[in-house]
Amino acid sequence: MSLLELKNISRQFGAIHAVEDVSFQIEPGEIVGLMGDNGAGKSTLVKMIAGNFPASSGRMVFDGNEVQFNQPSDARRAGIEIVYQDLALCDNLSAAANVFLGREIMRSVGPFKFLDHRKMRERAAELFRELQSETRPRDVVKRMSGGQRQAVAIARTRLADAKLVLMDEPTAAISVRQVAEVLALIKRLKERGVAVILISHRMPDVFGVCERIMVLRRGHLVANKLASTSSPEEITALIVGAKAAA
Amino acid sequence: MNKSPDASNLDSVFNLSERSKLGEMLRSQEFWIVVAVLIIGAVVGMIAPRFLTSANMANILQNFCFTALMAIGMTPVIMTGGIDISVGSTLGLTGVLLGLFCASGYPFAVVVLFVLLVGAFVGIVNGALVSYLKLPPFIVTLGMMSLVRSQTLVVTNNQVVYDFGKAGDTLLALGSGSFLGVPNVLWAVIVSAVVMQWLLSMTKWGRYVRAIGGNENAARLSGIPVDRVKVSTYALLGAMTGMTAIFLVGWMGAATNALGQGQELQVIAATVIGGANLLGGFGTSFGAVIGSVLIEVIRNALLLAGVNPFWQGTFVGLFILFAVLLERFRSTRA
């Protein structure tokens, strides 16, 4: 059974058809690249999956249930986490505080409840160990490298025990060495049985980690094929429209 | 758990603290302001020996408290990236209402509750306009500053309130009394500072206040009730301003409608000098207290050293600029 299935999903904004009649399936633990030029409908599609707004038409099945997400928290409860491009971290807080933001572990003494800093640090360290990232739970995010920030953002999704993680351009603004680090993090998620949809413009990254690649062009899904049977040249042709479909 | 070959190596990394306790202290704004207070004290003590007398120390410890109480309340507001310049006016309004209600014969406890609620109400209005209508805090509270001051004049009809009736005895005893040799208002500062710091560092509320100041958008995406937390910071500041009015009027023995005029600037200055960042995300209640001490020490020292009091603002202003520079220096080196 597939983890996520989209059936004939469309979304219009007034007269504009941002996404039209898109259908695909994602298997558990699968890493799928979602590519397309600016304005091709990638973010609209991802935002529908993450519950930012509903589809105009079509059906979505997640984990065996037909779902209708009206707000991001609906999607999150179902097991879908999104890692935003700007990472949505609080620079002034520690890595552990960021991982647990909005889901703090509390300790109660009598009638009082307060933050269990120690437990949160330990659990955060566990998550970073699992991701094999050299990220110290106590460190303030402000002073972290791009790769470490990604580790913090990804650790958040692990904490939630997400089944599907949507990643929006995670390698757009970081150094080459850190790109390798982030790609390793994505593979680590797969080892844990988490499916990932990776939105990226960077061909080497997509071919480096994705098993399957989907291409959107002007709202249509024009390709959905195994990475091993494709090539960067073919995907580029599909993105720009030199090749109609594959 | 699937242990990777370098897991033990990672563990040693995780346990590293980024910096030592001493290094942490040397980097804190609060530490440097304490140093500044001590240096000023030593220098002024040499010029004007009266500065270091116990009578004068007691004087300083009484005077700084009113600014400190409000600065402790201002700290979470500034930490969320907000500001409240209406607190001086709120102090005035709660002060005269306190007097009027005492005079009308209500029991003291009822009056106290009422004054705290009026303060909190002003804060809730400020907070709601800032959070739900997304208006800039500076403008909202500028409007409130004018509105509340005008209402202070309306309710008193420009009369000074000094006859407090029966509840007045309790009020004056509270304002000028002391417990274990420490003025009541100083106890209020100590308790407020400890409780506030505990709230900021040990509760979800404090964590959220910090997070909102760091990245409001991220806080929202994490499911934090950003608007409610922001309103709560303004409401708390309003209530603490009401509490300050009780101690201040009880100490002075009269409530004028000019009460608290210009005090908002001292409160904000104290908070900022103590290390709260106006962009949000940083601040401690201890910083707010020590910032208030510094301002009072400057005022008192200039007076005793025989310096023309017109110079006072120059020194406070220089310290604000110094505090901002120190903050900049710390954050770029960090």
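Derivation of every value follows stated rules applied to the coordinates shown; laboratory data play no part. Note that this is a predicted model, so its numbers are computed, not measured. Neighbour counts are summed over all protein chains in view; Cβ atoms, including those assigned to glycine, are modelled from backbone coordinates with ideal geometry.
Using the Kirkwood radius over C-alpha pairs as Rh, can you work out the diffusion coefficient of the protein assembly as shown via Stokes-Einstein at 20 °C, viscosity 1.002 mPa s, in µm² per second? Result for D is 79 µm²/s.
When all alpha-carbon pairs of the stretch A:159-201 are counted, what percent fall beyond 16 Å? Pairs farther apart than 16 Å: 35 percent.
Sequence-ordered 3J(HN,Hα) estimates for the stretch A:100-117 from the Karplus curve with 6.51, -1.76 and 1.60 and θ = phi - 60° stand at 9, 4, x, 9, 4, 7, 10, 10, 10, 10, x, x, 8, 10, 9, 4, 9, 4 Hz, glycine and proline given as x.
Computed from backbone phi, the HN-Hα couplings of the stretch B:45-59 come to x, 6, 6, 10, x, 5, 4, 8, 5, 5, 4, 5, 4, 4, 4 Hz, rounded to whole numbers (Karplus: 6.51 cos²θ - 1.76 cosθ + 1.60, θ = phi - 60°; Gly and Pro given as x).
Ratio of Rg to Rh for the stretch B:263-334: 1.02 [Cα atoms; Kirkwood radius as inverse mean 1/r over pairs]. In chain B, excluding the sites themselves, the longest stretch lacking any of the trypsin sites (Lys or Arg not before Pro) that are in a DSSP loop with at most 16 other Cβ atoms within 10 Å is B:167-334.
For the stretch B:23-157, go through all pairs of different Cα atoms, get the mean of 1/r, take its inverse, and jot down that Kirkwood value in Å. Answer for the stretch B:23-157: a Kirkwood hydrodynamic radius of 17.9 Å.
The three principal axes of the C-alpha atoms in the stretch A:133-226 carry coordinate ranges of 46, 28, 21 Å, sorted with the longest axis first. Hey, can you grab everything whose amide H is under 5 Å from the amide H of A:Leu216? Only 5+ residues off in sequence or another chain; H modelled, so Pro and N-termini drop out. Amide H neighbours of A:Leu216, under 5 Å, 5+ apart: A:Met35, A:Gly36, A:Val222.
Close amide H pairs (under 5 Å, H built 1.01 Å from N) link A:Ile105 with A:Asp116, residues at least 5 positions away or on another chain. If I take R0 = 51 Å and measure r between the Cβ atoms of B:Asn157 and B:Leu279 in this structure, what FRET efficiency does the formula 1/(1 + (r/R0)^6) give, to the nearest 0.05? Rounded to the nearest 0.05, the efficiency is 0.75. Shape analysis of chain B yields a ratio of the Cα radius of gyration to the Kirkwood radius, Rg/Rh, of 1.02. What the phi angles of the stretch A:69-83 give under the Karplus curve with 6.51, -1.76 and 1.60, with θ = phi - 60°, is a coupling list of 8, 9, 8, x, 5, 4, 5, 5, 4, 6, x, 10, 10, 10, 9 Hz, glycine and proline written as x. Looking at the stretch A:143-225, the trypsin sites (Lys or Arg not before Pro) that sit in a DSSP loop and have at most 15 other Cβ atoms within 10 Å of their own Cβ are A:Arg192, A:Arg218. Mean residue ellipticity, 222 nm, helices only, chain B: the sum of -39500 (n - 2.57) across DSSP H runs of n ≥ 4, divided by residue count and rounded to 500, is -24500 deg cm²/dmol. Among the listed pairs A:Lys47/A:Lys225; A:Lys163/A:Lys243; A:Lys7/A:Lys187; A:Lys113/B:Lys134; A:Lys142/A:Lys163; A:Lys190/A:Lys225, those with a Cα-Cα distance over 25 Å are A:Lys163/A:Lys243; A:Lys7/A:Lys187; A:Lys113/B:Lys134; A:Lys142/A:Lys163. A full extension of the chain between B:Ala254 and B:Phe329 corresponds to an added length of 22.6 nm, given 0.36 nm per residue minus the alpha carbon distance. Shown here are the Rg and Dmax of the Cα trace of the stretch B:132-180, at 17.4, 47 Å. Can you give the relative contact order of the stretch B:103-174 as a percent, counting alpha carbon pairs under 8 Å and 6+ residues apart? Dividing the mean separation by the residue count of the stretch B:103-174 yields 60 percent. Once you divide the Cα radius of gyration of the stretch A:89-246 by 2.2 N^0.38 Å, the number left is 1.24.
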